[in-house]
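Okay, structure first, notes after.
Please treat every number below as a calculation from the coordinates, not as lab data. This one's a predicted model, so the numbers in the text were calculated from it and none came from an experiment. No Cβ is skipped: glycine too gets one built from the backbone with ideal geometry, and neighbour counts run over all protein chains shown.
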């Protein structure tokens with residue numbers, strides 16, 4: 001019988017989803033082996049960047065990485081550095097990034113909760129090179145980042161009632 005290792009402590013974290021943009025096209029153009037090698041290299045770089053900024057990789061899901069940060073500022077600095085690094089990448093790899101802060105439940109070294117679901121669903125609206133947040137996150141942005149939040153549009157997130165206003169963090 002499997003036993004869940006559920007921590008009783010409520011954790012407030014910033015959950016981040018990083019998806020390799022255009023991976024389907026990459027597999028088609030390069031073939032499975034070459035594309036997988038490129039994506040694996042990119043995921044290793046993401047994991048190093050997350051660790052560098054005091055984050056924790058929770059898991060990889062195909063070409064996507066799910067990670068958490070104790071501080072929103074660390075999540076933003078990590079993802080901005082990642083996007084800027086790959087914006088100059090000659091291999092033309094790029095990432096779609098979404099993040100959301102809130103409480104999570106920890107189970108067997110994984111995290112679950114509404115904030116995780118929101119972060120995941122926001123990623124559907126990110127374009128290559130973008131960092132996407134929901135409107136309520138704009139109020140939580142550290143001062144040095146608040147001027148870079150620009151309204152992108154409104155959307156219905158799958159499985160959630162109502163409309164969510166989405167913002168992108170401009171990197172320029």
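Calculated from DSSP H runs of 4 or more alone, at -39500 (n - 2.57) each and per residue, what is the 222 nm mean residue ellipticity of the chain, nearest 500? Please list the in-between numbers first.
Values: 6 runs with 62 residues, N = 172.
Rounded to the nearest 500, it is -10500 deg cm²/dmol.
Rank-order 157-166, 101-110, 11-20 by packing density, defined as the average count of other C-beta atoms within 10 Å over each peptide's residues, highest first.
Highest mean packing first, the order is 11-20, 101-110, 157-166.
The Cα atoms of segment 124-165 give a gyration tensor whose axes a ≥ b ≥ c have a/c of 1.5 or more with a/b no greater than b/c, which makes the shape oblate.
Dividing the mean sequence gap of close Cα pairs (under 8 Å, 6+ apart) by how many residues the chain holds gives a relative contact order of 24 percent. Protection proxy ranking, highest mean first, for peptides 143-155, 33-45: 33-45, 143-155, where packing is the per-residue count of other beta-carbon atoms within 10 Å, averaged.
Starting from the Cα gyration tensor of segment 21-81, take the square roots of the eigenvalues, sort them a ≥ b ≥ c, and report rounded, prolate or oblate (rounded when a/c is under 1.5, otherwise prolate if a/b is larger than b/c, else oblate).
Numbers: a/c = 2.81, a/b = 2.59, b/c = 1.09.
Prolate is the answer for segment 21-81, as a/c is 1.5 or above and a/b outweighs b/c.
How would you classify segment 100-146 from its alpha-carbon gyration tensor, with a ≥ b ≥ c the square roots of the eigenvalues: rounded for a/c under 1.5, else prolate if a/b is greater than b/c, otherwise oblate? Oblate.
The translational diffusion coefficient of the chain, from Stokes-Einstein at 25 °C and 0.890 mPa s with a Kirkwood hydrodynamic radius over alpha carbon pairs, comes to 148 µm²/s.
Here the relative contact order of segment 128-172, from alpha carbon pairs under 8 Å that lie six or more residues apart, stands at 48 percent.
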